[in-house]
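The values are calculated or read from the model by the stated rules, or taken from the named source; none is laboratory data. As the structure is a computational prediction, the values presented were derived from the model and not from experiment. Here the Cβ is made from the backbone with ideal geometry for all residues, glycine too, and neighbour counts use every protein chain on show. Note: accessible area is taken over every heavy atom of the protein model, side chains too, but ligands, DNA and RNA are not part of it. Shrake-Rupley method; radii C 1.70, N 1.55, O 1.52, S 1.80 Å.
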Amino acid sequence: MKISSVYNWIKNSQRSRCLLCLMPGCYGSRHLCEACHADLPWLRNACALCALPMPQEGQICGECQARHPAFAQVVTPFRYEFPLDALIPAFKHHGQLAYGRLLARLLSDAVRFHYDEHGQVLPDCVIAMPLHRRRLAERGFNQAEELARPIARSLAVPLRSDLLKRSRATRPQQGLAAKARRRNLIGAFYCPTPRALAGLHVALVDDVVTTGSTVEEASRTLLSAGAASVSIWCAARTP
């Protein structure tokens, strides 16, 4: 048997296997079998603003009622539960980019469905949540950009990397209380080209929204620089 034939057989065989259970037979182009796709922790009912899981659809959580967030909405398909709580760290911290591609396809589908269902117009551009250059050097890639790039391409919306930057390296948010998270992020972002941002409706892409402190501070920075509105697109939302 020729080496090229063996290579093609291996390549096609692996492509047809589910990324989660490794069984053959995938759901469309997402590399998931139908059972694993159905068993994902889909976010059915959530706060209409911050996407916090709620008992019923269309409600607004108490925190958003008390203090309206800077962003207009959070669009996300999943709760941050198994297997998302394993896939995202594997992608983010261990370079498992195949999981990133899977998450990007699922998020892209969720965004398209959300905007069609609510009769909303897609934003003028997509922005990936920036990493500080020190963190980028340590990790080797920006996980938000790995999500944003294929999503922007799929939706035919420009991806802009020049509109939002990290001004300083902050402490990791993991393990910090909500107030400490907010203090940690004060002055963490800046917009180097505010003229290019003026009047734009933007989508800010990140992997997970937890307390919302990071996306809130980034949204405030974008709005202060002249953006008309900011929507958050993320792969998962913590309960």
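At a 10 angstrom cut-off on C-beta neighbours, averaged per residue, how do the peptides 117-123, 97-103 rank from highest to lowest?
Working: 117-123: 12.3, 97-103: 19.6.
Listed from highest to lowest mean packing, they are 97-103, 117-123.
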What nm distance separates the two modelled labels at LEU22 and HIS118, each placed 7 Å from Cα along Cα→Cβ? 4.0 nm
For LEU136 paired with ALA38, estimate the spin-label separation in nm (one decimal), with each label point 7 Å from Cα along the Cα-to-Cβ line. 4.3 nm
With all protein chains present and a 1.4 Å probe, how do PHE189, PHE82 order by accessible area, largest first? PHE82, PHE189
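Assuming R0 = 35 Å, can you tell me the calculated FRET efficiency for the pair ARG195 and THR238, based on Cβ-Cβ distance, to the nearest 0.05?
On the way: r = 36 Å, r/R0 = 1.02.
Efficiency at R0 = 35 Å is approximately 0.45.
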Using θ = phi - 60° and the Karplus form 6.51 cos²θ - 1.76 cosθ + 1.60, what ³J(HN,Hα) does each residue of segment 195-202 get, whole Hz, x for Gly and Pro? 4, 6, 8, 4, x, 7, 8, 10
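So if R0 is 41 Å, what FRET efficiency would ALA228 and LEU97 give, r being the distance between their Cβ atoms, rounded to the nearest 0.05? Intermediate values should be presented prior to the final figure.
On the way: r = 33 Å, r/R0 = 0.81.
According to the calculation, E is roughly 0.80.
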Taking the Cα-to-Cβ direction at HIS68 and at SER161 and moving 7 Å from each Cα, how far apart do the two end points lie in nm? 3.5 nm
